[in-house]
Amino acid sequence: MTDQQPEPPQVEASEVEAPHLKKSVAASAMGNATEWFDYGVYAATATYLTDAFFPGELGTLGTMLGFAISFVLRPIGGMVWGPLGDRVGRKVVLATTILLMAAATGLIGVLPTHGQVGVLAPILLILLRVVQGFSTGGEYGGAATYLAECATDKKRGFFGSFLEFGTLGGFVGGSAVVLLCQLILGSDAMHDWGWRIPFLIAVPLGAIGWYLRTKLDESPVFTEVNEQEHPQGGLRVLLTEYRRELLVLAGLVIALNVANYTLLTYQPTYLQKTIGLGESTTTAMMLIGQVIMMACVPFFGRLSDRTGRRPLWLFSLVGLAVLSVPMYWLMGVGTGWAVVGFVVLGLLYVPQLSTISATFPAIFPTHVRYAGFALSYNVSTAAFGGTAPLVNEAVIEGTGWTLFPAIYMTGAALIGLVAWYFLRETAGTSLRGTEVPDAATGPEPPTTEKQSVV
C-alpha cells in the first residue's frame, strides 16, 4: 500500500508569497517614482526652464506647453503598450518604458539653451517631452495593473497605495533636489546651469528601477489566464464590449488628474506669479504639503480595504467640489494661509490618489485590463490632466481671474461624481478570470467553456 502525499493547499492566483509581493511593490513604486520625479522637477524648475528655452513675454505659456505636449503622445503610447502588455506580459513592457523615461529625462539636463542654439532648443525640449509621454502611456497603467494583480484581494488597497506613495515620492524627491540646489547654488547659478542637475539624477534612478523590474516574476493573474483558453483582447474588443468601463474610468480620471496637475504641477507657478511667493518659499511649501500627503497615502489605502473604494472617492470628490474655491481664496491671504489651503486640498485629494491602483485595474477583466487602463486613462489625462497647467495659466493671463484653478477643479470633481455613480465596488473581489470584477456577484470560476479562444 502506497502512502499518498497530501496535495498542497490551493492558493488564489492573486496571493503571492510575502517576499515576492514586497519585491513587486518596490519595483513598481520605484518606477513610478522615477516617472513622477521628472514631473516634480519640471514643475519646480518651471521658471528656470522658461528663461533657458522660452525667453519673452509669453515664456511661461511656452513652458506650460512643453509640459502639456508630452501628454499628446500618452494615448498613442497607451494604444501601443497596453495591448502589448496584455499579449506578452506586464514585466517586459514595464522594464522597457522605464528605460525610455529615464533616458529622455536625463537628456533634458544636457540640452543647449535658446541663447546657444535659438529656436532649436525648445524644439529639442518638446521632442524629449514627447518621448516621455509615449513611454508614460505604458508605464503607469502597467505598473498599477501589475501591482493590483500581485496584491492579495483583501489588501489590494493597502499594497496598491505604495504605487502612489512612489508618485508623491517622485514629486517630493524632485522638489527636494531643486530646493537643495537653490539653497546651495543660489538663484543666479540655478538660472545659469544648476537647473540641469535634477534632470540628470533621473538617469541612475531609472537604472535602479530597470534592474528591479528585470528581476520580477510575471503577474500570477496574467499567467493564469494566459495559460488557459480565454477571449480575445485588443482595442477593437475594448471599444465594442467595454464602453461602459472605459467611460467610467475616463470620468474618474478627469477629476483625478485636473486636481493632480493643478495642485502638484501648476501650483509652484501659480504661487510665484499670482501670489508673489519667492522661489525657495514656494518649493518649501510644496515639499511640506507633499510630505503630509505622502504620509497619508498608505492609511487611506488600508481604509479602502475596510470601507470600500466608492466611499473614499465620494468623500474626496464632494470635498474638492465644495472647498476648492474657499481654499484658493485663502491662499491669496498670505504665506501661512497658502500652506493651509494647499494642505487641505491635498488631503481631500489623497483618497483618490491612494486608491488608484486598487480601483482602476479592477474596472476591467484580465485579458483587456492593461489596454483598458492605459487607453482610457491616457486619453482622459491628455485631454484634461496634462493640459491643466496650460489652461490655468492661459485663463489667468487672459482674464486676471486668479480663482480659475479652483473653478476648474470643482467642475472636474462634478464630472467625477457622475462617473462615480456607475462605478462598481470591487474591494475584496478577485481579479482572476475574464469577467468584469464586481463585489456584488463574486469572482468568476477559473475556467469557462463558452468563451472564444485565442
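What is the percent carbon and sulfur in the accessible area of the chain, measuring with a 1.4 Å probe over the protein chains and ignoring ligands?
With neighbouring chains kept in place, the figure for the chain is 67 percent.
Net charge within 13 Å of GLY133 by Cβ-Cβ distance, Lys/Arg positive one each and Asp/Glu negative one each, not counting GLY133 itself?
Spelling it out: positives minus negatives among the neighbours equals -1.
Highest mean first, what order results for 356-369, 59-72, 166-179 on Cβ atoms within 10 Å?
Final packing ranking: 356-369, 166-179, 59-72.
What net charge do the residues around LEU61 carry, taking every other residue with its C-beta under 11 Å from that of LEU61, with Lys and Arg at +1 and Asp and Glu at -1?
On the way: positive: none; negative: GLU57, GLU393, GLU397.
Here the count lands on -3.
As a test of reading the structure, rank LYS154, LYS273, LYS22 by solvent-accessible area (1.4 Å probe, protein chains only), most first.
From most exposed to least exposed: LYS154, LYS22, LYS273.
Tell me, what does the Kirkwood hydrodynamic radius of the chain come to in angstroms if you use every pair of distinct C-alpha atoms? Working shown, then result.
On the way: mean 1/r = 0.0452 Å⁻¹.
Its Kirkwood hydrodynamic radius stands at 22.1 Å.
How tilted is helix 90-108 with respect to the longest principal axis of the chain? Cα atoms for both, answer in degrees (0 to 90, nearest 10).
With both axes taken from Cα atoms, the answer is about 10 degrees.
Where does the charge balance sit around ILE98 when Lys and Arg score +1, Asp and Glu -1, over other residues with C-beta under 12 Å from its C-beta?
It works out to a net charge of -1.
Determine the calculated [θ] at 222 nm for the chain from helices alone, applying -39500 (n - 2.57) to every DSSP H run no shorter than 4 residues and normalising by the residue count; nearest 500 deg cm²/dmol.
-23500 deg cm²/dmol
Peptides 180-186, 387-393, 301-307: what's the order by average Cβ count within 10 Å, highest mean first?
Working: 180-186: 15.3, 387-393: 24.6, 301-307: 19.7.
Averaged packing, sorted descending, gives the order 387-393, 301-307, 180-186.
For segment 347-389 and segment 224-275, what is the separation of their Cα centres, given in Å?
With segment 347-389 and segment 224-275 each reduced to a Cα centre, they are spaced 3 Å.
Round to the nearest 10 and give me the degree value, 0 to 90, for the angle of helix 156-189's Cα axis relative to the longest principal axis of the chain.
Relative to the chain, helix 156-189 is tipped by roughly 20 degrees.
Which lysines have a Cα lying under 20 Å from the Cα of LYS23, excluding residues fewer than 8 positions away in the same chain?
Answer for LYS23, where 20 Å is the Cα cut-off: LYS91, LYS154, LYS155, LYS215, listed by chain and number.
The values are calculated or read from the model by the stated rules, or taken from the named source; none is laboratory data. These figures come from a predicted structure and were not determined experimentally. Ideal geometry is used to build each Cβ from the backbone, glycine not excepted, and the neighbour counts take in all protein chains shown. Quick note on the areas: whole protein, heavy atoms, side chains included, nothing else; ligands and nucleic acids left out. Shrake-Rupley method; radii C 1.70, N 1.55, O 1.52, S 1.80 Å.
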